[in-house]
Amino acid sequence: MPRTLRAQLVAVLVLLTAAITLLVGASSLIALERQLTAQLEQQLTAAITRSTPGIGSPDDSRHPDQDDDGPSFLGLRGQAEGTLGAQITDQGVVESGVIGSLSRTLPLTGAQQQLLLALPADGRSHEVHLGGDLGEYLVRAVEDPRGGRAVIGLPTTGIARTLAHQAGNVVWVALIAVLLAVVAGSVLIRLALRPLRRVAATARRVAELPLERGDVTLHERLPDRDADPRTEVGQVGGAINRMLDHIDAALAVRTASEARMRRFVADASHELRTPLASVRGYAELTRRQNGDVPEPIRQAMSRVEAESLRMTGLVEDLLLLARLDESPQAAALRHEEVDLSAALIDCVNDARLLGPDHHWSLDLPPEPVATLGDDARLRQVLTNLLTNARVHTPAGTRVRAALRRRSGQVVVEVSDDGPGIAPQLQPAVFDRFARGDTSRSRAAGSTGLGLAIVASVAQAHGGRVELDSEPGRTMIRVVLPEAR
Ligand SMILES: Nc1ncnc2c1ncn2[C@@H]1O[C@H](COP(=O)(O)OP(=O)(O)OP(=O)(O)O)[C@@H](O)[C@H]1O
Ligand SMILES: [Mg+2]
């Protein structure tokens, strides 16, 4: 069975059309056959009536050019070509013949005579198959008043021919009807299913919309003619429109709540900066009151200072992420040419100073490589990657920072031969607050925002990040568009 509704409907239409035409054709053929047989019966009765005076009588009323070998009644006027006659007495068939063309009487064979001999003289018509050139005949035997009986018959071949011709016509009509059904059915069904295709196309377009993130409004709706509740497709269309309204409203609520959340985080981070700066300032001031402050308090103050510094970094990171979520404008990202080669040299030099126990190497192309964007944020990306390679790996690890160009893109790679990122952490490593729970990470005061910032900044610059890590080989790649 075909799959599409259209093909199924056309198939059903074709089958129905063929069945109906054949049924009508068959019943008309049966009616025609009955009518023709009744006509032949009448003609046979007429032939018998015509023959009655000649049955058993001597050959005095013969047609002039009649041969000698047929029964005399065949020669009577009005007998049609093809009429069969036989005169039967106690001795068997004494005379028999068929009127051929040009009114010549042709003889019957012995076998044919035997067939006629077997017929009862019951005055009813019988169909006999005479074989040879004669074929099927409708014959009737009548009593001869002078003893014996006469058999008179007419050929049924005319009926068979007419029926065959009519059957041929029926087949032709059926074929034409089926052809019409296919053509008209396909066109009509295609037209009738057009609204359904429009509904499907709209649903497909909605399905392809990126609804999972950002500020999305669903503008797709079906036009009124496809949402008419009086039609089946219209009911589907109407339901889809209502569903889209619903989703649109839900998305608007979600977007608004996300925006509120982002603004809250941004505001909170922003508000925290000032008190944190004060805490740091007072702690520093207290620590510097040399002689007056007891040693334990100075130590406590220097811890307060260090922790507030760390918290300031955390708050800055949160603020940056919240603003990047909002838009590149909200994050106040600059859009200028940034010399990535120079930035990478600076960052690796800083890393060398901070991590003298690691082996640092730098791989740069001879000519400077540049991208468009915000110098400070891109340096933050490089620093985050180099810091990870420093703090999440043991001393002696080799770290390689490489920069290259690849078909209109700039690729920055930071790789190390350290222990690698745990496989269960890898799928979420760019998420916020995702960090490995190793003692090294905890000791490094890690918060799990570093790679989230790398990913967000790369995205805000129209780039992406890739990770490839296994024990002994960890590589994080940032791909950015090249400045031309
Ligand atoms: N080069 C690396 N080698 C091994 N593990 C790594 C490496 N880089 C990152 N990781 C793992 O991925 C986690 C997430 O890194 P991410 O930079 O996002 O956060 P963090 O370094 O823990 O904290 P933050 O960078 O905010 O101080 C880390 O905690 C660490 O477990
Ligand atoms: Mg980090």
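The values are calculated or read from the model by the stated rules, or taken from the named source; none is laboratory data. Everything numeric in this text was worked out from a predicted model, so none of it was measured. Positions of Cβ are backbone-derived with ideal geometry, glycine not excepted, and every protein chain shown enters the neighbour counts. Keep in mind that these areas ignore ligands, DNA and RNA; they rest on the heavy atoms of the full protein, side chains included. Shrake-Rupley method; radii C 1.70, N 1.55, O 1.52, S 1.80 Å.
Some observations on this one:
- Computed over protein heavy atoms with a 1.4 angstrom probe, the accessible surface ordering of D357, D90, D363, D317, largest first, is D90, D357, D363, D317.
- The order of E326, E284 by accessible area, most exposed first and with a 1.4 Å probe, is E326, E284.
- For segment 104-204, the spread of Cα positions along each principal axis, largest first, Å: 95, 27, 19
- Relative contact order of segment 242-369, defined on C-alpha pairs under 8 angstrom at six or more residues apart (%): 24 percent
- Overall form of segment 240-353 per C-alpha gyration tensor (a/c, 1.5; a/b vs b/c): oblate
- Label-to-label distance, E143 versus L179, with points set 7 angstrom from Cα along the beta-carbon direction: 6.0 nm.
- Using the Cβ-Cβ distance between F264 and A422 with R0 set to 45 Å, the FRET efficiency works out to roughly 0.90.
- By definition, a body whose alpha carbon gyration tensor gives a ≥ b ≥ c is oblate when a/c is 1.5 or more and a/b is not larger than b/c, and segment 55-155 fits this oblate description.
- Here the chain exposes an accessible surface that is 58 percent carbon and sulfur, computed with a 1.4 Å probe and the other protein chains kept in place.
- Counting 0.36 nm for each residue step from A200 to T217 and taking away their Cα separation leaves a gain of 4.1 nm.
- With the simple spin-label model, which puts each label point 7 Å out from Cα in the Cβ direction, the E136 to V12 separation comes to 4.0 nm.
- Calculated from backbone phi, Karplus (6.51, -1.76, 1.60) coupling profile of segment 259-276 in Hz, x at Gly/Pro: 4, 4, 4, 4, 5, 4, 5, 4, 5, 4, 4, 4, 5, 6, 4, 5, x, 5
- Placing a label point 7 Å from the Cα of S257 along the Cα-to-Cβ direction, the residues of segment 205-234 whose backbone N falls under 19 Å of that point are 211-218.
- Computed about its Cα centre, the charge dipole of the chain is approximately 1940 debye, with only Lys, Arg, Asp and Glu carrying charge at their Cβ.
- Contact order for the chain, expressed relative to its length and based on alpha carbon pairs under 8 Å spaced 6+ residues apart, stands at 9 percent.
- Sorted peptide list for 223-232, 335-344, criterion being average Cβ within 10 angstrom, highest first: 335-344, 223-232
- Stretched out straight at 0.36 nm per residue, the stretch from R406 to D468 would grow longer than its current Cα-Cα span by 20.5 nm.
- Centroid-to-centroid separation of segment 244-271 and segment 25-49 [C-alpha atoms, Å]: 90 Å
- For the chain, adding -39500 (n - 2.57) for each run of n ≥ 4 DSSP H residues and dividing by the number of residues yields -18000 deg cm²/dmol at 222 nm.
- Computed E for Q459/E367 - FRET, C-beta separation, R0 30 angstrom, nearest 0.05: 0.65
- Cut-off 19 Å (backbone N to label point 7 Å along Cα→Cβ of D248), residues of segment 222-241: 222-229, 234-241
- Burial ranking of peptide ranges 108-117, 241-250 (average Cβ count within 10 Å, highest at the top): 108-117, 241-250
- FRET efficiency estimate (nearest 0.05) - Cβ-Cβ, H335 to V187, R0 60 angstrom: 0.60
- Residues of segment 210-332: accessible area per residue with a 1.4 Å probe, Å²: 66 Å²
- Counting only protein heavy atoms and a 1.4 Å probe, segment 336-481 has 47 square angstrom of accessible area per residue.
- Net length gained if the chain between E41 and L23 were fully extended (0.36 nm per residue, minus Cα distance): 3.8 nm
- Each residue, E307 and A395, gets one label point 7 Å from its Cα in the Cβ direction; the gap between the two is 2.8 nm.
- The chain - Rg over Rh from alpha carbon coordinates, Kirkwood radius: 1.59
- In the assembled protein chains, H165 presents an accessible area of approximately 120 Å² (probe radius 1.4 Å).
- Look at where the Cα atoms of segment 140-191 and of segment 94-118 average out, and the two centres are 28 Å apart.
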